[in-house]
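Taking it in order: structure first as structure tokens, then the write-up.
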Amino acid sequence: MKRALITGITGQDGSYLAEFLLGKPDYEVHGLVRRSSTLNRQRIDHIFRARPSVGDRFQLHYADLADASSLSQVVELIRPDEIYNLGAQSHVRVSFDQPLYTSDVVGLGTLRILEAARHLNRSQPVKFYQASSSEMYGSAAPPQGLDTPFHPRSPYSCAKLYAHWQTINYREAYGMFACSGILFNHESPRRGESFVTRKITLGATRIKEGLQKKLVMGNLDAKRDWGFAGDYVRAMWLMLQQEKPDDFVVAMGETHAVSEFLDIAFSELGLDWHDFVEFDPKYTRPSEVDVLLGDPTKARDVLGWKPEVDFKGLVRMMVEHDLELARREKFALGYKG
């Protein structure tokens, strides 16, 4: 039985990865969660409800990427075969408001978990996956691939770049099986509500149901390479199944503007987004990233990875999910009234 440890298991990617691994009979999945006064486990609640089928193969442990001691203790306790470091303060715009916290968790947090993995690697082999980000490319000219120079343009992307190079350094200095997946934007119905894609689908469906009148947005011209998070976690796993550690770009290889995402989402609901969207500069970044377009050739050729959900399918999936939420909200408000 393989043991996998996932940081950030309560996030979008962590929940999909946990599902994916538990779908394999030979995996035991352990997740790290921070102690807090409120529980934030809605993305993995369904896994707990499926306890009869997964049994004791799914367990949570308290630890924090900001606390090296807790990480070392959990890694020593679990002694995982694979570590997936997905935990982060991952909102780029928020990183401008909280640069120190973002840098500590995203940058130094990766170094702390790498150190814990290095100590374990002395007594047993452990494979390490680092969630690198397309934001590290910043203003680099598209398409962006493994040979493209990085040019980060936010505290978040600077911290991710530090973590990325530390992962490479640990691979080269200590012979660890450590690799990075440079994932371009990947979304889903489980995306945080403050992220632009989910903000659009939530806003559009609530407008459709009469729960709100306007959707306030920032830069509509930014272009991104968007895919489905459920597809991208398969690439993470495939990287750790290779004979040698290496880095990969995971992307769709196509780019779409925020305005195009708006067009598809509102059109699915029979609406014209121009009638409802307003611009507010407070939602723009101090330094913008105009175009992100990944080159996934290596991931497709070496890993055999192929996405199953296309861009339009992704938008439709998110709209359908959030339309159901809006209808439930409307019913609840009407019922209480």
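The values are calculated or read from the model by the stated rules, or taken from the named source; none is laboratory data. As the structure is a computational prediction, the values presented were derived from the model and not from experiment. Please note that ligands, DNA and RNA were not included when accessible areas were found on the heavy atoms of the full protein model with its side chains. Shrake-Rupley method; radii C 1.70, N 1.55, O 1.52, S 1.80 Å.
Between D322, D290, D26, the GNM of the chain built on Cα springs shorter than 10 angstrom shows D26 fluctuating the most. Can you list the aspartates and glutamates whose alpha carbon is less than 18 Å from that of K298, not counting same-chain residues fewer than 8 positions off? The qualifying aspartates and glutamates are D147, D225, D231, E243, D246, D247, E254, E308. Measuring between their Cα centroids, the range 15-45 and the range 79-136 lie 17 Å from each other. Given the choices [x] 20.0, 65; [y] 19.5, 60; [z] 20.4, 69, Rg and Dmax of the Cα atoms in Å derived from the coordinates of this structure is entry [x].
Using all pairs of distinct alpha-carbon atoms, the Kirkwood hydrodynamic radius of the range 1-121 works out to 14.8 angstrom. Rolling a 1.4 angstrom probe over the protein heavy atoms with all chains in place gives the range 20-77 an accessible area of 58 Å² per residue. Cross-link reach is defined here as a Cα-Cα straight distance under 22 Å, omitting same-chain residues fewer than 8 places apart; for K199 the lysines meeting it are K208, K213, K214, K223, K282, K312, K330. Surface exposure of the range 232-337, expressed per residue as accessible area with a 1.4 Å probe, stands at 54 Å². Each pair of Cα atoms in the range 98-234 enters the Kirkwood radius, and Stokes-Einstein at 10 °C and 1.306 mPa s then converts it into a translational diffusion coefficient of 93 µm²/s. Both numbers refer to the Cα atoms of the range 222-320; Rg and Dmax are 16.5, 54 Å. Largest GNM mean-square fluctuation among S72, S133, S15, using the chain with Cα springs under 10 Å: S72. In the distance distribution for the range 267-337, Cα-Cα pairs more than 18 Å apart total 70 percent. Ligands, DNA and RNA left out, the accessible area of the chain computed with a 1.4 Å probe is 50% carbon and sulfur. Structure remark: mean-square fluctuation, Gaussian network model of the chain, C-alpha springs under 10 Å; the largest value among N169, N121, N185 belongs to N169.
Annotation: extensible slack from Y62 through D310 equals 85.7 nm (criterion: 0.36 nm per residue apart, minus Cα-Cα distance).
Per residue, the convex hull spanned by the Cα atoms of the range 159-219 measures out at 106 cubic angstrom.
What helices does the chain have that are whole DSSP H segments, at least 27 Å long along their own axis by Cα, and with mean Kyte-Doolittle hydropathy of -0.5 or more? Those that clear 27 Å and a mean of -0.5 are 311-336.
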